[in-house]
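S.K.: The structure that follows is given in the form of structure tokens.
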2 protein chains.
Amino acid sequence: MFDFSVKKDKSKKLYIKVFEEIREAIEDGRLKKDDRLPAIRTAAKRLEVNTSTIVKAYDLLEREGYLYKIVGSGSYVGEVKTAKVSSEEKEAMEELWDIKPEDKDKINFAGASPSSDLFPVEDFRRAINTVLDREGGEAFSYEDARGYEPLREKMVEILKRDGIEAVSENIQIVSGSQQAIDIAGRMLIKPGDKVIVEEPTYPGAISSFKRAGAHIISVPVEKDGMNLKKLRYILEKEKGIKFIYTIINFQNPTGIFWSEKKKLKLLELVERYRVRVVEDDCMSEIYYSPKKPKSLKAYDRNNQVIYIKSFSKILMPGLRFAFMLLPQELAESAAKIKYMADISSSGLTQRAFHEYLECGNIDVHLKKIRRIFKRRYRYMKKLLGENERIRIYYPTYGGLFFWLALPEWMDGEKFSRKAYEKGLLLFSGNRFFQKGSSNPFVRVSFANATEEEIEAGVRILNETLEEY
Amino acid sequence: MFDFSVKKDKSKKLYIKVFEEIREAIEDGRLKKDDRLPAIRTAAKRLEVNTSTIVKAYDLLEREGYLYKIVGSGSYVGEVKTAKVSSEEKEAMEELWDIKPEDKDKINFAGASPSSDLFPVEDFRRAINTVLDREGGEAFSYEDARGYEPLREKMVEILKRDGIEAVSENIQIVSGSQQAIDIAGRMLIKPGDKVIVEEPTYPGAISSFKRAGAHIISVPVEKDGMNLKKLRYILEKEKGIKFIYTIINFQNPTGIFWSEKKKLKLLELVERYRVRVVEDDCMSEIYYSPKKPKSLKAYDRNNQVIYIKSFSKILMPGLRFAFMLLPQELAESAAKIKYMADISSSGLTQRAFHEYLECGNIDVHLKKIRRIFKRRYRYMKKLLGENERIRIYYPTYGGLFFWLALPEWMDGEKFSRKAYEKGLLLFSGNRFFQKGSSNPFVRVSFANATEEEIEAGVRILNETLEEY
């Protein structure tokens, strides 16, 4: 019955370990509904623990709904729950958690945010102090749930430069783009609704949409955007589709950007089939060609696009700053969900960011990071190009990653683990797919690596390939 | 059919107004499922707008699922949706939104956070600058989803002083107590589960629990805690109760605190019936008797209490800082939901708060605000006591509010509106009840009022009573 043992180290309390082992057995089907669990004494003997440990573990399992008790008979497996954290959520978490303190010495091709030496810390310090001088305690009061009004006005200006007309009442300030995605999901999805995503895509979005009760439908990414034939087929066939989630420019993880033709076609399709688009724009600012690529929102005449712009990749992720531009009929709902989620984002951060933008430093900063990233981009591309067993799967000219296809018989997951042992952090492809089956992809990022580190990292990549 | 007209001011686009009017008619039952809507031209004529306005409004209604179209026949009312923002959420929002910029000159008995002149701004500025000097860009990197480890260690120390033993791995740092409540709800509630709350209670909690799919059961508050007979009856009778949400000390809005006897009894009950408690501790620090009241968590031997401690009422709400102490088996789930909600709270804020605590300023600050609030408390109590038509419904000796019973035939809601016209902001009782029926209660707070303002405010209260 119990095909496991329990390690007696001190990492967790013993009854928690027993609890987790049994829970896992229930969740993966080794123990089935109405199976009878061993009696307390039998179990204690089998696992070589005290009976009180088993009592506590069974109690917890019962409280969590995994077991039910029949007096005088024993404990039985209950209805298996589905509201547990899904494996996709786990993967989303790992995206950051993989970079543990002990990994700080490793070469980091995993992180997708600029390294901290690129942050405009001094400019921000000045902005914070200016705000505190001028506003004192006011800066620490509750802020409007929609965000600090002057900052929302500022966002309207920024949008205008990108060819997007907006009014500040439709702008919702949030604590980073993950929050924007989560709010969009909570606002639009009822349990049983459907959401279309690109495949591969950012797993944090999938987590939120699933949590909100959505069924996820994936459409493959091609070099110039989604496969629109498949998309149209799904839109035609499926009922209850609420929105399409997409990263139009320098997509995560593939790096592709949509052609203008496909952007227009997408808008045509969503108009015909009356679904919305949630556009996650975290990367447009990081372009290496002379012209900045346009967002989908810039073409959106019928207000079908909910637009999310993040500053985590271009300024500092720790700011926790992003905003949403909403169709007018959704602006109030979004503010209500923001309020329910955490009342409002930090007023000090918002005011300091406003002050920072007022001083006009951001253009200088953007030019600087584009220059640095472009150099790294070219250098990594060149080095990767020297190994013919690696293929940069999609050509792109912006963003912070390369999506690499290893030889087809390789498994990206195993490859990443081998590279990790050699001192290189990178992400295997399957965390970006909904069904995590084996595939030969890995994502490498140069956001957090200097040129020397890029060189050393690619060297490890090549070695790992040799030995695989 | 259309028993409304549309105002042609510029506050919103015309088609949005038409959309909202029809939506309201559907939601409140004036239009029923499968009712046929007037043809475009007829509707345009009736409302005196262009046909294109009606087309857009109908389109939006269809997209939002309120209408369905039959080609060649017309538009019909669809299944009425239930996932819309409930009235409780609206009320929760209003709690802050009532204080509009144009209300800044009014006397504020509504806000429940300290006024900004009481914030330790200079100490915080120093802490921020120290952190930036020492850590530079590191302070703006992504933080661990569970929170900045040294700050979590600090929270363990703070808990220890309150008689609560904890380890930092079970501490989850969040952006304010509303986020803690929302995370608890998303973590524990599956659609159809039940949650027990005090009545009256904080409406922001009800919003979150309902959004997560909970059915809310209210148990009346008495002067020494919940009515435990009713609680026991409900626990005995109802299946699927996930947790009890409670504010043990200086409850919002009544100000009551639980007796030790009732605290112990509550823990006995939840152990017997195997439900958890979510304890929202936002007020314990604001006591006026010599001894600080104990939290429920301090008595919790079996780890059944999820403990939330907020610093919004005692430091600055704009910090957006609170933490949860979780039973070990829930710590990981909470971190995952935090990650899904917004990845992590601002690293700079967390590090600055840690620095602030390291310098040991918080005790001095707490003494100061307790002294100030105690003076205001006494003064307001004295002035309120002079009008025999007002009754302070519960005796208390801490917190920031009084829960007032007006003469029984009065309606707190109407009373608040009259007081508002005279320049006084306060909250009517019915926003704290689940069913917002008329009642004679109002909540007055002295958190945001100086002694002169307390005097002027109570004068308005008395005048409003006279004229009612």
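Computed from the coordinates by the stated procedures, all read-outs in this text should not be read as laboratory data. Bear in mind that the values here come from a model prediction, so they are computed numbers and not experimental data. Counting neighbours? That spans all protein chains shown, and the Cβs are built from the backbone with ideal geometry, glycine included.
S.K.: Using 7 Å Cα-to-Cβ label points, what is the residue A:367/residue A:435 separation (nm, one decimal)?
M.R.: 5.1 nm
S.K.: Is the shape of the protein assembly as shown rounded, prolate or oblate, going by the alpha carbon gyration tensor and its root eigenvalues a ≥ b ≥ c, with a/c under 1.5 for rounded and a/b larger than b/c for prolate?
M.R.: Details: a/c = 1.39, a/b = 1.19, b/c = 1.18.
Rounded, because the longest to shortest axis ratio a/c is under 1.5.
S.K.: DSSP loop (so not H, G, I, E, B), at most 13 other Cβ within 10 Å: list which trypsin sites (Lys or Arg not before Pro) in the range A:347-445 pass both filters.
M.R.: Listed in order of number, the matching sites are A:389, A:435.
S.K.: Another question about this same structure. Could you please rank A:226, A:187, A:380, B:324, placing first whichever residue has the fewest other Cβ atoms within 10 Å of its Cβ? Kindly include the intermediate steps, with their values, before the conclusion.
M.R.: Working: A:226 26, A:187 20, A:380 23, B:324 29.
Final ranking by Cβ density, sparse to dense: A:187, A:380, A:226, B:324.
S.K.: Report ³J(HN,Hα) in whole Hz for each residue of the range A:286-295, in order, from the Karplus equation J = 6.51 cos²θ - 1.76 cosθ + 1.60 where θ = phi - 60°; Gly and Pro get x.
M.R.: Ordered by residue, 3J(HN,Hα) equals 9, 10, 10, 7, x, 10, 6, x, 7, 7 Hz.
S.K.: Then there is this: Using the number of other C-beta atoms within 10 angstrom as an exposure proxy, rank B:6, B:364 with the fewest first. Provide the component values of the computation, followed by the final result.
M.R.: Details: B:6 19, B:364 11.
By the 10 Å Cβ count, ascending, the order reads B:364, B:6.
S.K.: Going by a ≥ b ≥ c, the root eigenvalues of the Cα gyration tensor, does the range A:1-49 fall in the rounded group (a/c under 1.5), the prolate group (a/b larger than b/c) or the oblate group?
M.R.: Numbers: a/c = 2.36, a/b = 1.38, b/c = 1.71.
Here the range A:1-49 falls in the oblate category.
S.K.: Note down the nm distance, to one decimal, between modelled labels 7 Å out along Cα→Cβ at residue A:224 and at residue A:359.
M.R.: For residue A:224 paired with residue A:359, the spin-label model returns 4.5 nm.
S.K.: Between copies, how far does the label point of residue A:168 sit from its twins, in nm, shortest first, when each point is 7 Å from Cα along Cα→Cβ?
M.R.: Computed spacing set for this position: 4.1 nm.
S.K.: Starting from 0 in steps of 5 Å, tell me what percent of the Cα-Cα pairs of the range B:121-361 lands in each bin.
M.R.: Histogramming the range B:121-361 at 5 Å steps yields 1, 6, 14, 19, 20, 16, 11, 7, 4, 2, 1, 0 percent.
S.K.: Does the range A:210-281 come out rounded, prolate or oblate, given a ≥ b ≥ c as the square roots of the eigenvalues of its C-alpha gyration tensor, rounded meaning a/c under 1.5 and, failing that, prolate meaning a/b above b/c? Could you put the intermediate results ahead of the total?
M.R.: Values: a/c = 1.74, a/b = 1.25, b/c = 1.39.
Note, shape of the range A:210-281 comes out oblate.
S.K.: Name the long-range amide H neighbours of residue A:305: under 5 Å, sequence gap of 5 or more, or other chain; modelled H, no Pro or chain starts.
M.R.: Hits under the 5 Å cutoff: A:277.
S.K.: State, to one decimal in nm and shortest first, how far the label point of residue A:466 sits from each corresponding label point in the other identical copies (label point: 7 angstrom along Cα-to-Cβ).
M.R.: 9.5
S.K.: What residues qualify as long-range amide H neighbours of residue A:35, i.e. H under 5 Å apart, gap of 5 or more or another chain, H built at 1.01 Å from N?
M.R.: Long-range HN contacts for residue A:35: A:77.
S.K.: Under the convention of a label 7 Å out along Cα→Cβ, give the distances in nm from residue A:268 to the same position in every other copy, shortest first.
M.R.: Spacings between copies for this position, smallest first, are 7.4 nm.
S.K.: Starting from the range B:395-465, pick out the GluC sites (Glu not before Pro) whose DSSP state is loop and whose Cβ has at most 16 other Cβ atoms within 10 Å. Could the numbers behind the result be given before it?
M.R.: Values: sites: B:408, B:413, B:421, B:451, B:452, B:453, B:455, B:463; in loops: B:408.
Answer in residue order: B:408.
S.K.: If neighbour count is taken as other Cβ atoms inside 10 Å, put B:282, A:359 in order from fewest to most. Mind showing how you got there, number by number?
M.R.: Values: B:282 27, A:359 12.
Fewest to most other Cβ atoms nearby, the residues stand as A:359, B:282.
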